[in-house]
Every structure is written in C-alpha cells, then in structure tokens.
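Nothing in this text is a laboratory measurement; each read-out follows from the coordinates by a stated rule. What you see is a predicted model, and the numbers here were worked out from it, not measured in a lab. Please note: Cβ atoms are built from the backbone with ideal geometry, for glycine as well, and neighbour counts cover all protein chains shown.
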Amino acid sequence: MADLKSTTPHLERYYAKRASEYEQIYDKPERQNELEWLRRRVPEILRGRTVLEVACGTGYWTQFIAREAAHVHACDINDAVLEIAREKPIAAGRASFFKADAVTLEGVPPGCDAAFAGFWWSHVKKSDIARFVERLARRLAPGALVGILDNRFAEGSSTAISRRDAEGNTYQMRRLASGEEYEVLKNFPTAEELADAVRPIAREAHLETLNYYWLLVFRLR
Ligand SMILES: C[S@@+](CC[C@H](N)C(=O)[O-])C[C@H]1O[C@@H](n2cnc3c(N)ncnc32)[C@H](O)[C@@H]1O
C-alpha cells in the first residue's frame, strides 16, 4: 500500500548525497545565538526521558539530547547520515541508532516516553501531517512529551521559495557542493497550523518562536 511506504524517495536521495556537508547549516553566523539557546533548551525538555528521535540525520541534536536523556533511540532512513551519527562523541549506552522510515516508524522500540524531530516536519506534505502526528503518538507511551524543532522562513538567511503547489506546500531549489540540484519540499507552518495539527493527540502544547526557528513542545493525552 502506497501509504505504508516512504513517500519521499527524492528527499531521501538528496539527504544521502548531502550527508558529509549537512552540518554546514549549523554554521550560519546570524543563527549562532539561537542555536546556542536551542542546544540547551532541547535537552532540558527531554531530561531523564527515553527519547525516540525521528529523522536524526548526522546526530547533531542526538549528541546534546543524549547528555540529559535516559536514552535516545535515534533513527533515519539514510545509512550515509547514520554512519556519521554513530561517530558522534556520545557516552556509551546513552544513544543507539537504527534505520527507520519516519513515515511508517516501523521498528521503533517500545517504552519511549518522549520524542524529538529536528527539521523533519517541514519536509512533510501538509496533507500528510495528521498521519505523521497520529503514527508518532501511537509509538509513544501515553502522556509522552514531544519536541518538534524546525525553521521559520527568514528573508536573506533562508533559501528562497521556488514554488508553491496546489495544496500550499512550498519548495526550494537546493544545490550540493557537487553542483547537483534538487527541488526539496520545505514548509513553513503558521502557529495556527501547528496547533491544529497536534490538537487531536495533545493534552497541552506550547510554541516557542525565535527568529530563525520554532520549537513546539506538547504532551500526549
Ligand atoms: C533536514 S534533515 C534533519 C536531520 C537532523 N534531524 C537534524 O536536525 O540535524 C532531514 C533528515 O531526514 C532524513 N529522511 C529523509 N526522508 C526520510 C524518511 N522517509 N524517513 C526517515 N528519515 C528521512 C534525511 O536522511 C535527513 O537526515
């Protein structure tokens, strides 16, 4: 069935090829103050919990979360990024990495009482968000805490939007160091869209809005 498979093969390929240059995104000078704040804030909200990290990429956030969490089960669909993530300086036993599709979330270990997804939400089509949220909730313990971090569009800092489709999804043209270009789905949801998306599964939700980022924290029913 189409909806049980990843719907983003193009996105997967783009990130597989971008693996070695991915973390350059965290070097943008104008974003350093906010990133410093987030490197403290994200682990703080997940302190002591057993965390499922969705689409962990190169483990950039995993390394900080693992300092405070009981354990991080971090997954991504791409071996190329997981290989880099496994080399992160993380204390033994504090994180494990496995391959899983964020669309199906198959293979997620039971017992997670928290989840984190960094820069994944923006790559999910508007029409697929409800299903992502509902599947994520099903993988977690009741009352689990969820942190979702993603970008706000910032003129002059963000890559320009190249196209908008009929349902309002937006796209960017991304160029790799090799010169290859990819069209990548990248949505910038409003606070109202975020609140609507999590309302069916969240007991309480709080949106922390910065200049370049937003952090949505909610607790499952
Ligand atoms: C924008 S990166 C975010 C990486 C990491 N969370 C971070 O914040 O640094 C998006 C990640 O999604 C992964 N990805 C793409 N399609 C996926 C899918 N269907 N299931 C799981 N991960 C996927 C890519 O390999 C990439 O690592």
Exercise for review: Return the inverse of the average 1/r over all pairs of distinct C-alpha atoms in the stretch 97-221, which is the Kirkwood hydrodynamic radius, in Å to one decimal.
Suggested key: 15.7
Practice item. Find the percent of Cα-Cα distances in the stretch 32-149 that exceed 17 Å, and round it to a whole number. Key: 52
Check your understanding: Which ³J(HN,Hα) values in Hz, rounded to whole numbers, follow from the phi angles of the stretch 137-152 under the Karplus curve 6.51 cos²θ - 1.76 cosθ + 1.60, where θ = phi - 60° and Gly and Pro get x?
Key -> 4, 5, 7, 10, 5, x, x, 4, 9, 10, x, 10, 10, 7, 8, 9
Revision key, fill the gap. When His73, His206 are ranked with the fewest other C-beta atoms within 10 Å first, the list becomes His206, His73
Check your understanding: Convex hull over the Cα atoms of the chain, averaged projected area in nm²?
Key -> 11.7
Study note, to complete from the structure: Hits in the stretch 61-102: amide N under 15 Å from the 7 Å Cα→Cβ extension of Ala16, namely 76-84, 99-102
Practice item. Set the Förster distance to 41 Å, then compute FRET efficiency between Glu36 and Asp165 from the Cβ-Cβ distance, nearest 0.05. Key: 0.70
Revision key, fill the gap. Ranked output for segments 113-125, 54-66, 19-31 by mean other Cβ atoms within 10 Å, highest leading, reads 54-66, 113-125, 19-31
Practice item. Taking every pair of Cα atoms in the stretch 34-82, average 1/r, invert it to obtain the Kirkwood radius, and report Rg/Rh to two decimals. Key: 0.98
Review point. Taking Lys126 as the anchor, which lysines have their alpha carbon closer than 18 Å to its alpha carbon, excluding any fewer than eight residues away along the same chain?
Key: Lys5, Lys186
**Study point:** Pairs of Cα atoms farther than 18 Å apart, the stretch 54-116, %
**Key:** 26
